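Below is one structure, written out as structure tokens, with a few remarks after it.
The values are calculated or read from the model by the stated rules, or taken from the named source; none is laboratory data. Since we're looking at a predicted model, the values are computed, not measured. Cβ coordinates were reconstructed from backbone atoms using ideal geometry, including for glycine residues, and neighbour counts include every protein chain displayed.
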Amino acid sequence: MNNEKNQYSPEKPGIREEKYVIGLDYGTLSARAVLVSVRSGHVLAESVYPYPNGIYTNGIYTNGIDAGQSSPVKTPADFALQEIDDYVEAMYRTIREVVERSGIPARNITGIGIDATSSTFLPLTQEGTPLCKTPRFRSEPHAFLKLWKHHGAQQEADDITALARERNEKFLTRCGGKVNAEWMLPKLLEILRRAPQVYEAADNFMEVSDYLVFLLTGQVTRCMCHAGYKLLWNEEDGYPSEDFLGALDPRFSSLREKLKGRQVQVGERAGGLSREAAGRLGLEPGTAVAASLIDAHVAVPSVGIDSPGRALMILGTSCCMLLCSEQLACVPGISGCVKDAVLPGLYAYEAGQSAVGDLFDWFVKNCVPGSYEREAQQRKISVHTLLSEKAALLSPGESGLIALDWWNGNRSCLADAKLSGMILGLTLKTRPEEIYRALLESTAFGMRAIFEEFERSGIRAGELCACGGIVDKNPFMMQLYADILGQTIFTCSVRQGSAFGAAIYAAVAAGAQAGGYETVGEAARAMGKTGAEKYEPIPQNTEKYHRIYREYKTLHDYFGAGGNEVMHRMRDGR
């Protein structure tokens, strides 16, 4: 990417000036912004900001510049917390940078869209101050920003599921019959039970992307896309009833009083940029700010998806899969089904895996011998690239290894954060690249299990697209996915798929009169970028993987679907 300033060329006299939008995407460890042409979808500038503080877990920084040092709060093993300051600084810095690097005049920038991981949320005071920034709660972990991968609320998730089944609550069919510990509702119940002082002091609980929209506009809004997937809200019945919440805990019945904000939908204008925020960003006051978005969902139009039956996998730290359909069905163990959450008039189904890139990074950081690290250094390539090269020389099944991909629990379709990873077939002759390949294969097997669950429920993906950091970094892995899924995979031609998608929704929030678009479908068709690269399944590999996948499913069902609770017992004993 050319980051030099003054790339902008003014339109010829008499021709309407071209308009541009900014998309800002918050991932687990960094944020990235892009500035995009509304007319062509061309990316003029981008900026990436790694979070200095990273993640607080086990009482230490596990990422960021201070990795390994003590964090300001002590946390149990299942906690994953972050500093809100990282997010705020990322917003102002990256947006400023793309504006400066592009050279586009402020008058030509017509909208801003923000997405983030979900549920990543924080409690706020009545004035909108994060509780973790107040002296009283600075050392209280439950007052901090809880990351999506915080798994401390598994008991609460189990309790919500059990009560909903007992009462035959209708909302349970929309989330696959089981509540996930990653979602906001169980995390809120966790705060109420374990830190009631935080729950009582909080005036509002907000998804971090809603909070950032508030900082830009001064308007308190709540995007119902988040609420649909993470708070069990739906367009017909709203939130779970006060009676249901009160049955979990009498203090919980008034939860809705702590979920403040004007309800908005994706593509809607949440507000205009405030004078203060505009001054900090170098933009014009009143610039449209779109309703906040979920990082995975926002990527759907980035590959030009504008109709049902086309699925998107977002492959990064974790994996999220989105599939839009005209049909409402109950798919066991999914992360939710919400109408109008991605494309107007369609139900958007979400499913995914809690560890993909995280799993591969764990192996590289903890299990690779020094000789491999030295070889990668000498060749000036990453250890991931080296392992992929060596693993590519193996044929399917050659290593005799098979793995379960649950290093961070299972999101879909077992929805069980207490499950753990496993590798079967290790011998004294096993090499690192063989384990690495087995781990790559395990995540593809996990995705195949998800697609099969959808097909059993009558929802099928006719076309499969992929985006995310891994898509560009590891073509070997993408070929494995095509072979194991037995389907052609189309890629996105932009590097920052979610940030690009956020820019598309910004163009919709701006509207046609301001140089944007009237609908998400129209914007997706005009701006979306399906990549030239695609991965076709290799028939002989697909045939071999059919046999290996059957073994994976045997292990999957035995350890994850009630055959043996050993993973739960061992985890409980930690």
Residues that are of a type outside the set (Ser, Thr, Tyr), surrounded by fewer than 24 Cβ atoms within 10 Å (Cβ to Cβ) and assigned to a helix (DSSP H, G or I), drawn from the stretch 193-223: Arg193, Arg194, Pro196, Gln197, Val198, Glu200, Ala201, Phe214, Leu215
Counted residues, the stretch 458-483 - those being within 30 Å of Glu326 (Cβ to Cβ) and either of a type in the set (D, E, K, R) or crowded, with 18+ Cβ neighbours inside 10 Å (or both): 13
Any idea which of (1) closer than 17 Å to Leu212 by Cβ; (2) in a loop (DSSP other than H, G, I, E, B); (3) in contact with a Phe, Trp or Tyr (Cβ under 6 Å, 6 or more places away or on another chain) is the one Leu283 doesn't satisfy? (3)
Any residue at all in the stretch 484-503 that is surrounded by 24 or more Cβ atoms within 10 Å (Cβ to Cβ), over 22 Å from the mean Cα position of the chain (by Cα) and assigned to a helix (DSSP H, G or I)? yes
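Just name the residue that is modelled with the lowest pLDDT out of those in the stretch 30-82 that are of a type in the set (Asp, Glu) and assigned to a loop (DSSP other than H, G, I, E, B).
The residue in question is Asp66.
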Selection count, the stretch 307-366, where residues are part of a strand (DSSP E or B), touching a Gly at 6+ places or on another chain (Cβ under 8 Å) and either free of Cβ contacts under 8 Å to residues at least 40 places away in the same chain or under 28 Å from Ile55 (Cβ atoms) (or both): 12
Output the residue which, of all residues in the stretch 202-221 that are closer than 20 Å to Leu192 by Cβ and of a type in the set (D, E, K, R), is farthest from the chain's Cα centre (by Cα). Asp203
Single residue of Glu190, Glu182 found to be at pLDDT below 95, acidic (Asp, Glu), at negative phi and crowded, with 20+ Cβ neighbours inside 10 Å: Glu182
Can you tell me which of (1) over 20 Å from Ala466 (Cβ atoms); (2) out of contact with any strand residue (DSSP E or B) (no Cβ under 9 Å at 6 or more places or on another chain); (3) buried (at least 17 other Cβ atoms within 10 Å of the Cβ) is the one Asp572 doesn't meet? (3)
Can you tell me which condition Ser253 does not meet? The list is (1) hydroxyl-bearing (Ser, Thr, Tyr); (2) modelled with pLDDT of 95 or more; (3) buried (at least 24 other Cβ atoms within 10 Å of the Cβ), and all the others hold. (3)
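Criterion first (free of Cβ contacts under 8 Å to residues at least 12 places away in the same chain and touching a Ser or Thr at 6+ places or on another chain (Cβ under 9 Å)) does Thr129 satisfy it? So that I can check it myself, show each step before the final result.
Working: free of Cβ contacts under 8 Å to residues at least 12 places away in the same chain: yes; touching a Ser or Thr at 6+ places or on another chain (Cβ under 9 Å): no.
Against the criterion (free of Cβ contacts under 8 Å to residues at least 12 places away in the same chain and touching a Ser or Thr at 6+ places or on another chain (Cβ under 9 Å)), Thr129 does not qualify.
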Being in a helix (DSSP H, G or I), of a type in the set (Gly, Ala, Ser) and in contact with a helix residue (DSSP H, G or I) (Cβ under 7 Å, 6 or more places away or on another chain) narrows it down to one residue among Ala277, Ala270; which is it? Ala277
